[in-house]
Ligand code: NCD
Ligand code: ZN
């Protein structure tokens, strides 16, 4: 196969930031994706419907003319989130999901949730109205090894939450483990999971073997190879509970290449090309559309996109930019470490 045409994809987990970074990175998403779930972990975070409306306006202002792209806004759940504000945002069509960051789990999560009991009334309201909760599924207990934080979260946080509120729709975001895949498969239709492009392509060796490579560091951190293989099996299976959320998370190079670097991998430029390579390697090109363009909208109760995206295979590896300029700085682009033969366009 040398060309592959699929419905235009959506990105169900994306960080666009604000200001110069927003302007620099947004075109790389809006060129190929029709919609994206926009993460609210700005500084300060997007916690109210009014803040989400203002952020959406800034995104739309930064959108290149002619690009057809809809930002789907989320609210950052805090212990003082008002259920009435969440409901109003949902009823207005402004809010597509609410994001749970356990406090301290990742970039800009310090205003996140420490005690789930304190947000119970919000979660009850969300279950009642059918508003999904996107979950950063990692515990933050320093006693728990960072490579175990997702698996422990499933047992100690998500399972009890699901028992208390089985009607709440939950997306286990950027799942990185076989445990996560198995957990999702054992649930009913109220649970889905996003998978990133990079977690399909790298394991933890990319970060740590032969030198420490900050541009492969993200959260949840990439795990050992058996987990990457489980993610690839889930993504390429066609199972409707798994869909693409790139978690493209730009940080300027000085904040990555330092003694204590930020978590986040910037993939929006080459995500679709990398995914085509992965699905081809798995003999599953016929499942790429389900993963990138059909399963996500189905979970969120939205129509699939009518427009299409064509990917073309070439013999010579495609060359992607190594860095993208944002204001005075640069953001390094994800290097998949294997030749990529696919590119967007016909
Ligand atoms: C994200 C970021 O930089 O905002 N970082 C990351 O490593 N994925 C936050 C997140 O989704 O965990
Ligand atoms: Zn993220």
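Below is a table of values for the structure above.
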{"read-out": "Only listed residue being without any contact (Cβ under 8 Å) to a residue 12 or more places away in the chain, away from ligand 2 (no atom under 16 Å from the Cβ), over 15 Å from residue 134 (Cβ atoms) and surrounded by fewer than 22 Cβ atoms within 10 Å (Cβ to Cβ), chosen from 66, 19", "value": "66"}
{"read-out": "Single unsatisfied condition, residue 56 versus (1) assigned to a helix (DSSP H, G or I); (2) surrounded by fewer than 21 Cβ atoms within 10 Å (Cβ to Cβ); (3) out of contact with any strand residue (DSSP E or B) (no Cβ under 9 Å at 6 or more places or on another chain)", "value": "(3)"}
{"read-out": "Conditions (1) surrounded by fewer than 19 Cβ atoms within 10 Å (Cβ to Cβ); (2) within 28 Å of residue 282 (Cβ to Cβ); number of the one not met by residue 9", "value": "(1)"}
{"read-out": "Failed item, numbered, when residue 47 is tested on (1) part of a helix (DSSP H, G or I); (2) more than 17 Å from residue 21 (Cα to Cα); (3) in contact with a strand residue (DSSP E or B) (Cβ under 8 Å, 6 or more places away or on another chain)", "value": "(1)"}
{"read-out": "Selection count, region 100-150, where residues are in a helix (DSSP H, G or I), over 21 Å from residue 168 (Cβ atoms) and in contact (Cβ under 8 Å) with a residue 24 or more places away in the chain", "value": "3"}
{"read-out": "Counted residues, region 190-229 - those being in contact (Cβ under 8 Å) with a residue 60 or more places away in the chain, surrounded by 20 or more Cβ atoms within 10 Å (Cβ to Cβ) and part of a loop (DSSP other than H, G, I, E, B)", "value": "5"}
{"read-out": "Failed criterion for residue 180 (all others in (1) over 15 Å from residue 243 (Cα atoms); (2) within 16 Å of ligand 1 (Cβ to nearest atom); (3) in contact with a strand residue (DSSP E or B) (Cβ under 8 Å, 6 or more places away or on another chain); (4) outside any loop (DSSP other than H, G, I, E, B) hold)", "value": "(1)"}
{"read-out": "Residue 301 being crowded, with 17+ Cβ neighbours inside 10 Å and within 21 Å of the chain's Cα centre (by Cα)", "value": "no"}
{"read-out": "Every residue from region 249-266 that is more than 9 Å from ligand 1 (Cβ to nearest atom) and under 11 Å from residue 331 (Cβ atoms)", "value": "252, 253, 254, 255, 256, 266"}
{"read-out": "Tally of residues being within 16 Å of ligand 2 (Cβ to nearest atom) and either assigned to a loop (DSSP other than H, G, I, E, B) or in contact (Cβ under 8 Å) with a residue 24 or more places away in the chain (or both) across region 232-260", "value": "10"}
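Read the figures in this text as sums done on the coordinates, not as results from a lab. Everything quoted here is computed from the prediction, not taken from an experiment. Positions of Cβ are generated from backbone atoms using ideal geometry, with glycine treated the same way; all protein chains shown enter the neighbour counts.
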